[in-house]
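Accompanying notes for the structure given below.
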Amino acid sequence: MHLLHNEFPQSFHHKPKARAKPGDVITVDVRTEDPADIPPPGDFRLGGETRFVRVDIPLLAENNRLAEENRKHFKEHKLKVINLVSGPGAGKTTLLARTLQELADTVSCGVLVGDLETDSDARRLRHDKVPVAQLTTGSACHLDAHMIAHGFDALQMEEGQLLFIENVGNLVCPAEFDLGETVRVALFACTDGEDKPLKYPPIYRSAHMVLLTKCDIAEACGFDRAQALENLAKVCPDAEVMEVSSRTGDGFDRWIGFLRDLL
Amino acid sequence: MHETGIAEAGIRAALTEMERHGASRILSVTLRIGALAAVDPEAMRFAFEVACGGTPAEGAGLEIENVPAEAWCRYCGIAFTPESVSFFKCPQCGEYSGELRRGREIELARLEMDS
Ligand SMILES: Nc1nc2c(ncn2[C@@H]2O[C@H](COP(=O)(O)OP(=O)(O)OP(=O)(O)O)[C@@H](O)[C@H]2O)c(=O)[nH]1
Ligand SMILES: [Mg+2]
Ligand SMILES: [Zn+2]
Ligand SMILES: [Zn+2]
Ligand SMILES: [Zn+2]
């Protein structure tokens, strides 16, 4: 696919190319460099005439264009892509690890996991049959379409069927960044409190599905399930909602069924 | 939280426009930001000032033009201004909508440059 760097405004460091085979966990550095080719300050023309120009340039357009390229590319490969988004600690890695255990023996899966610095999530996701690449985002608090293009390039997935993306734990930015995914799944943990969707509506509104996670401890947390479902129905009336526990496996039949239906 | 990236993209676009127009300095920038764009104006101002540093836009003024949210009810076929930023309740039929027509814009709207 590769996306030409001169078409993208930011330059990236690239470590020598290594590709993750099934069972491998590798790290791909996708941090942005400082903008390099910005010209130096011009002359002050004190008292000179100035003029206003209307330009109307959408600033996320570049990401959206690259996301469409990813989407086209994934479609050509018959690959379905699941973007998991949530605030920190809602259970993305735990859900994904169990999902791979239940699915990866029969369905060819790959994983891209975004994280600021550490690779602990990627190591938790290691699976004999699955290539895993950890995308080191540096200071970026979300994944963007360009990082996904590089990450996918680093996975050895010839006949891949499902690509899981664990986004950076953040309830704000990932809502605005299309990655070219097939479905976006927002996790909402019972421990988060029932009003999370009202406080961070865009991320839930941008999702096709909401997974209510950690249901095994909902009662112990005094979680008001009916209120949570009501809030979700107001914020994202079109999203499908499923309740799961990655600890006990409750609700996984439906979740795994949903993933198989994508194929 | 991604204000830094947006500010940098904005300055890059502004400098490209500046060169295209044969100007040498940017004096002010207007950004158009939707009410639900998840952009914090204070963080945006700070990120903008940093991004301008060392460029022909250094010291440029920043104006932020707000775009109010506009949701769409597919049952009634009407656009409406939601009363809440969290959910969009149609004033005609009372159903909730997840469809936003306006209010997520993040755009470089206008530039003031020398000459
Ligand atoms: N009881 C219970 N705990 C869970 C469940 N899923 C995750 N946890 C716990 O919640 C904590 C965070 O889970 P992670 O899977 O690391 O969450 P995450 O969303 O990947 O976190 P970040 O990547 O840091 O954003 C861990 O201590 C998990 O053991 C669950 O279904 N039930
Ligand atoms: Mg994680
Ligand atoms: Zn690249
Ligand atoms: Zn961000
Ligand atoms: Zn209506």
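Of all residues in segment A:166-196, which are assigned to a helix (DSSP H, G or I), out of contact with any strand residue (DSSP E or B) (no Cβ under 7 Å at 6 or more places or on another chain) and either within 16 Å of ligand 3 (Cβ to nearest atom) or not charged (D, E, K, R) (or both)?
A:CYS173, A:ALA175, A:THR191
Suppose we keep only residues that are more than 14 Å from every other protein chain (Cβ to nearest Cβ), of a type in the set (Gly, Ala, Ser) and away from ligand 1 (no atom under 13 Å from the Cβ) within segment A:166-222. Which one would you say is least open to solvent (accessible area, probe 1.4 Å)?
Out of the qualifying residues, it is A:GLY180.
Answer yes or no as to whether A:LEU135 is in a strand (DSSP E or B) and either away from ligand 4 (no atom under 16 Å from the Cβ) or at positive phi (or both).
no
With the structure loaded, tell me whether B:GLU58 is acidic (Asp, Glu) and exposed (fewer than 13 other Cβ atoms within 10 Å of the Cβ) or whether it fails that test.
no
Take A:LEU263 and decide whether it is under 23 Å from the mean Cα position of the chain (by Cα) and surrounded by 19 or more Cβ atoms within 10 Å (Cβ to Cβ).
Answer is no for this residue.
Return the total of residues in segment A:89-131 being at pLDDT 95 or above, under 17 Å from the mean Cα position of the chain (by Cα) and open to solvent by 60 Å² or more (accessible area, probe 1.4 Å).
Selection size over segment A:89-131: 1.
If I ask for residues that are more than 8 Å from chain A (Cβ to nearest Cβ) and among the charged types (D, E, K, R), which ones from segment B:20-31 would you list?
Selection gives B:ARG20 alone.
Please work out which residue is farthest from B:GLY98 (Cα to Cα), limiting yourself to segment A:234-257 and to residues that are of a type in the set (S, T, N, Q) and open to solvent by 10 Å² or more (accessible area, probe 1.4 Å).
That would be A:THR248.
Please count how many residues of segment B:44-57 are more than 15 Å from A:LEU59 (Cβ to Cβ) and more than 11 Å from chain A (Cβ to nearest Cβ).
So the count comes out to 4.
Please give the number of the condition B:PHE88 fails out of (1) within 11 Å of chain A (Cβ to nearest Cβ); (2) in contact with a helix residue (DSSP H, G or I) (Cβ under 8 Å, 6 or more places away or on another chain); (3) not β-branched (Val, Ile, Thr).
Condition not satisfied by B:PHE88: (2).
The values are calculated or read from the model by the stated rules, or taken from the named source; none is laboratory data. Bear in mind that the values here come from a model prediction, so they are computed numbers and not experimental data. So basically every Cβ, Gly included, is an ideal-geometry build from the backbone, and we count neighbours across all protein chains shown. Surface accessibility is based on the protein's heavy atoms, side chains included, excluding ligands, DNA and RNA. Shrake-Rupley method; radii C 1.70, N 1.55, O 1.52, S 1.80 Å.
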